[in-house]
2 protein chains.
Amino acid sequence: MVKKASCGLDFPAGTDIRTSLNFASENGYSFISLPIAHPRYKRDLSKGRADPAYLAFTRSDLLLSCQDWNYMVIGKISDYIDVDSSCEEVRKESEEIFLQEFMYALHLGLPAVTLTLDSQPKPNLARLIYNQSIHEYQISIWIHVPMVSPQVLADDYRQDKICDDSDPWDWWNNFKLMCNSDKRLGVALQVTADLPSEEVITRWFGEPIKVIVIPTSIFLTNKKGFPVLSLAHQAFIRRCAYFGYQMLLNGNSKHSSIKHYLQYLNHLYQTSTQHENTAPYSKGFEDHLQIPLQPLMDNLESSTYEVFERDPVKYTEYKRAIFKALQDRVPDNEASTNVQVVMVVGAGRGPLVNAALEAAVKAERKIRCYAVEKNPNALVTLFSLKAEEWGEKVEVVGSDMRVWEAPEKCDILVSELLGSFGDNELSPECLDGAQKFLKDDGISIPCKYTSYLCPTQSSKLFNEARATNTGDKPQIAKFEMPYVVYQVNTYTIAPAKSLFTFIHPNKDKNQDNRRYGILKFHVEQDSVLNGFSGYFDTVLYKDVTLSIVPHSYSTGMFSWFPIFFPLKEPVKLKKGDELEVHFWRLCDKKSVWYEWSITKPVIVPVHNPNGRSYNIGLL
Amino acid sequence: MVKKASCGLDFPAGTDIRTSLNFASENGYSFISLPIAHPRYKRDLSKGRADPAYLAFTRSDLLLSCQDWNYMVIGKISDYIDVDSSCEEVRKESEEIFLQEFMYALHLGLPAVTLTLDSQPKPNLARLIYNQSIHEYQISIWIHVPMVSPQVLADDYRQDKICDDSDPWDWWNNFKLMCNSDKRLGVALQVTADLPSEEVITRWFGEPIKVIVIPTSIFLTNKKGFPVLSLAHQAFIRRCAYFGYQMLLNGNSKHSSIKHYLQYLNHLYQTSTQHENTAPYSKGFEDHLQIPLQPLMDNLESSTYEVFERDPVKYTEYKRAIFKALQDRVPDNEASTNVQVVMVVGAGRGPLVNAALEAAVKAERKIRCYAVEKNPNALVTLFSLKAEEWGEKVEVVGSDMRVWEAPEKCDILVSELLGSFGDNELSPECLDGAQKFLKDDGISIPCKYTSYLCPTQSSKLFNEARATNTGDKPQIAKFEMPYVVYQVNTYTIAPAKSLFTFIHPNKDKNQDNRRYGILKFHVEQDSVLNGFSGYFDTVLYKDVTLSIVPHSYSTGMFSWFPIFFPLKEPVKLKKGDELEVHFWRLCDKKSVWYEWSITKPVIVPVHNPNGRSYNIGLL
């Protein structure tokens, strides 16, 4: 994780840009922020637009190299501009001045401009920004909002009087939705003297925060005279450090040197802890959408096997499960005579075969093992392992488990066919086909698995889904297929609930793997629903389990990232709402698919009807 | 440029892969090439497809890490496979074995597989490869062809008997066209003892060469016993070094150590010379398509100005031209009294204003200068320069030159409005508008410019155009718009010829900037036409000129890359063909555009009719 803060320094209007940049660099700051328009050139619109008094409105681009403009300077749009003024003259002049400054920022190639929002709605500002085809440029628009509104900070002692528009997240959220959640929009989140509730803070971490603005006024002074933050602020900055957010210091230095603020922030960065459930393996995968595997239609590649075989938890747990099952089925006194048949179906390159062989040695039980695999490329590896290591202990079978005609029935059927959402790689269909060669009292490992779902807010995932290339499919497909994704920049609106469960062997006469589930979630605070995150847990055997559900995660396991089912349009939720979501697992002869929709608090039409955008092939 | 050869070592069937890789690495080679199928595992199809004798056809993927498979190993498809056999049984078995090997290469994640072509057409092999959705994978298919066919090498003394299918370029080209010129297809070009003619070699440099295969048999031995190449081979390898091609050494070592071949090849790489007309500025832009600027509709950015202002040639030549014009218009005896008016139209950030001021000092003539510019962002710079440097000498005017009402007429009208194709940034239209404030005997600098065109073969540019994202426009647009591109991996089918000329001031009563030109080119050898490369030259004043036409290039100038007009479909040309191309420059009130078509040797319909895919806006 990022261990050094990238921190900028904010300057007021009128400072010399070269001097400011040198001062910031000398003190270790990475960039500066200052007004685009220079007050020396006061714009005079009365003389007409061709007059130098209007045209020469700011400093020359020759003052810095393009390199510096492109990487070191954030431009502030003049804060007296009011493009949403009810006075038409003010509005029109404001629009003109806004565009002049914005276009100049594009001319300079600035990485970002900042704009300040307050409780007043700014629909005309949103339109102006959205009209500028900002997605065609590299520039970002950072929306400056405080964590707590000034009004609330002032009225702290009479909470009952707070009006509805006092939530700065709401200001930001409404503005963002007006701009169609454009990915170029980000938050410049200003830390306030008081911090909001934990829930409100957590919700901000689901937003595209680009910079944390830290006023010098919130710093305290320690015994040695250096700037420090309160414990609550320290904790907040350390959490920001986890995400690697940039910082921006503003306000006058209240201490001996501006350098000490940065040193202190760097100290907080270096002492920040890792996020729960993360490990080096997930580095670089943050919020990166992947299309789920189609293991029945496509053959996995060597590198895929290699990565998954390295999981330090999964195969240990399988070994424990097989060990227990072997001991349970054959008492000690029969151990030397009773040979159990273990069939590994979907053996890949053999990790479960090794787990079974090792478990048998440890359990002091005799086994005869079959390794059934349909991928011809993995079979090359299996035959090579048989020739060089396994010998007579293992029979390698090149076949699809659903059609194989086994020479005998097995005691234990071992498989690892689960996806991020449990059944989504068609484990139910495969094991239903394979259980015909499981003895009537035989054991399936795993014997049970359940999918889980929770509502998720994430502009980041919404924008990633929107940017997906659907190839030959219609554009709608990008919002009608699930993605496997390590989710970081998200806010969980309500905890995950269980959805579909499958049990093996499946003793039902009418084997039917279709499912329909309705889940209800309580909305704790105003939020925006962008989709649903999916997880699973599984019982391998008795008390041996695996889980990627947040509240029961198998620590250290890395074989699965969560799944994400997007929604076409963001859905605004209010505190206290009940959210009702419908999920279907459906199938025909060729494939299996999910459909999903919402009935409360608003109706959202069924996504992926008939599997039109995404399905998992059976053939 | 690349100064060290990336060279692989080819191994025959049956060698141990780990040993081979270690041997290659120890001797400095970067990768190895060896057959995908290992002969130890002889495939036996007679026992059925589920038998280990068929399934276990090669070595296990566990022998190397994925990292090594992904970067260090090129797989050779078995060369006894004949998927184009007239014997149905051989054909079907060959197809099966081919797919088995190809799929295994995908499984391993090899960077490339190689296939050998000979004079026999291979339509079924092309179909098989094209069917494998190779564009969805990272793998490349390297087609191994000799520079001269074995038959020609053998029949050297009776040239008259050579049959039509003796040209290896033809084998490759037909195969490539069958595969729709897929960008994953590349050439593994085998150097032969005799080299073909200069023309044939040059044509190869227009193909996607992925590796140069060098047999040890072509090396000679110098006095000290080390391997060296003939002068002709040396020259060829040095040219390959310029392009940074990889090498692959094959055959047994005929000298004391395999290391010495690589040392010698590295020596040739290090002594290779730079390509004509290239400079560091073009690094990274090789064959990278850019959409031409729209300077009338879009405002140039600060970084664009910054780059172009650094051109070491252009402004020196403008200064020389202005110097000569100033002296020509006012004799020495009037120098102190006669003040000439110089108007720079499209002044940008002022480089031509500085050129004019410096020329005046050097010419000892007095001038009054106007800087006319429509870009409000550049005007900020111009006003700043006036305030800090120019003072009364320069009047800055914020206006479009076409509508400006000048307070007086000028002696010299200076502009730099030329694009890569001369008139394609609408210099004619702008100067026609500006010449109303040029005195009747006034001088326009430039006073004349001409566009040039030549037919170009380049699978690379064809594939780059095909991969262009047309956004909201129809897919056809990618082949109906010109691109600005520094062209490297191309073959010039015939030298450039002049097309359209414009003269300023334009004294014609009916100012008409539409043009229609027909050019004829003689085809020197079999080739494939992918489009036309465009250039321009200009007369600034009298003998002061600028040119990006290959035969008259202004050395050191870097402001313009050539332009490229693509064709939807590649056109096969035969030696001796006459190629007739039609080019139009057309306009309406809003825009200007080009259309192009071919009438000989085949008809190619008009591209970009009515400017539907690309036009240059006047407003």
Could you tell me how many of the residues in the range B:403-413 are surrounded by 17 or more Cβ atoms within 10 Å (Cβ to Cβ) and over 11 Å from residue B:342 (Cβ atoms)?
2
With the structure loaded, tell me whether residue A:484 is within 14 Å of chain B (Cβ to nearest Cβ), touching a strand residue (DSSP E or B) at 6+ places or on another chain (Cβ under 6 Å) and either over 30 Å from residue A:569 (Cβ atoms) or modelled with pLDDT of 95 or more (or both) or whether it fails that test.
no
I'd like the full set of residues that are more than 14 Å from chain B (Cβ to nearest Cβ), assigned to a helix (DSSP H, G or I) and crowded, with 18+ Cβ neighbours inside 10 Å, limited to the range A:277-328.
A:314, A:315, A:317, A:318, A:319, A:320, A:321, A:322, A:323, A:324, A:325, A:326
Selection from the range B:7-38 of residues that are among the aliphatic types (A, V, I, L, M) and within 18 Å of residue B:67 (Cβ to Cβ):
B:17, B:21, B:24, B:32, B:34
Just wondering, is there one or more residues in the range A:350-358 that are away from chain B (no Cβ under 14 Å), out of contact with any Phe, Trp or Tyr (no Cβ under 6 Å at 6 or more places or on another chain), in contact (Cβ under 8 Å) with a residue 40 or more places away in the chain and of a type in the set (Gly, Ala, Ser)?
yes
Could you go through the range B:415-432 and let me know if any residue there is assigned to a strand (DSSP E or B), of a type outside the set (Phe, Trp, Tyr) and either within 14 Å of another protein chain (Cβ to nearest Cβ) or within 16 Å of residue B:350 (Cα to Cα) (or both).
yes
Every residue in the range B:436-447 that is buried (at least 22 other Cβ atoms within 10 Å of the Cβ) and not in a strand (DSSP E or B), please.
B:446
When residues of the range B:402-414 are filtered for being in contact with a strand residue (DSSP E or B) (Cβ under 9 Å, 6 or more places away or on another chain), of a type outside the set (Phe, Trp, Tyr) and within 14 Å of chain A (Cβ to nearest Cβ), how many remain?
2
What number of residues within the range B:6-26 are closer than 23 Å to residue B:115 by Cα and in contact with a strand residue (DSSP E or B) (Cβ under 9 Å, 6 or more places away or on another chain)?
14
Single match in A:187, A:211 (criterion: among the β-branched types (Val, Ile, Thr) and without any contact (Cβ under 8 Å) to a residue 60 or more places away in the chain)
A:187
Check the range B:537-549 and report whether any residue there is of a type in the set (Val, Ile, Thr), over 16 Å from the mean Cα position of the chain (by Cα) and more than 20 Å from residue B:450 (Cα to Cα).
no
Where residue B:29 falls short, out of the listed (1) within 14 Å of chain A (Cβ to nearest Cβ); (2) touching a residue at least 12 places away in the same chain (Cβ under 8 Å); (3) touching a strand residue (DSSP E or B) at 6+ places or on another chain (Cβ under 6 Å)
(1)
A careful count of residues in the range A:348-364 that are surrounded by 24 or more Cβ atoms within 10 Å (Cβ to Cβ) and assigned to a loop (DSSP other than H, G, I, E, B) gives 2
If residue A:341 satisfies every condition in (1) more than 14 Å from chain B (Cβ to nearest Cβ); (2) surrounded by fewer than 22 Cβ atoms within 10 Å (Cβ to Cβ); (3) over 25 Å from residue B:106 (Cα atoms); (4) out of contact with any Cys (no Cβ under 6 Å at 6 or more places or on another chain) but one, which is the exception?
(4)
Among (1) within 14 Å of chain B (Cβ to nearest Cβ); (2) farther than 30 Å from residue A:483 by Cα; (3) surrounded by fewer than 19 Cβ atoms within 10 Å (Cβ to Cβ), residue A:371 falls short only on (3)
Does residue B:438 satisfy being closer than 23 Å to residue B:567 by Cα, of a type outside the set (D, E, K, R), touching a residue at least 12 places away in the same chain (Cβ under 8 Å) and in contact with a strand residue (DSSP E or B) (Cβ under 9 Å, 6 or more places away or on another chain)?
no
Within the range A:360-388, track down each residue that is of a type in the set (A, V, I, L, M), under 37 Å from the mean Cα position of the chain (by Cα) and over 14 Å from residue B:61 (Cβ atoms).
A:371, A:372
Failed item, numbered, when residue A:450 is tested on (1) surrounded by fewer than 22 Cβ atoms within 10 Å (Cβ to Cβ); (2) part of a helix (DSSP H, G or I)
(2)
Examine the range A:7-20 for a residue that is touching a Gly at 6+ places or on another chain (Cβ under 7 Å) and at pLDDT 95 or above, and state whether such a residue exists.
no
Has the range B:380-395 got any residue that is of a type outside the set (S, T, N, Q), within 14 Å of chain A (Cβ to nearest Cβ) and part of a strand (DSSP E or B)?
yes
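The values are calculated or read from the model by the stated rules, or taken from the named source; none is laboratory data. Keep in mind it's a predicted model, so treat the numbers as computed, not measured. Ideal geometry is used to build each Cβ from the backbone, glycine not excepted, and the neighbour counts take in all protein chains shown.
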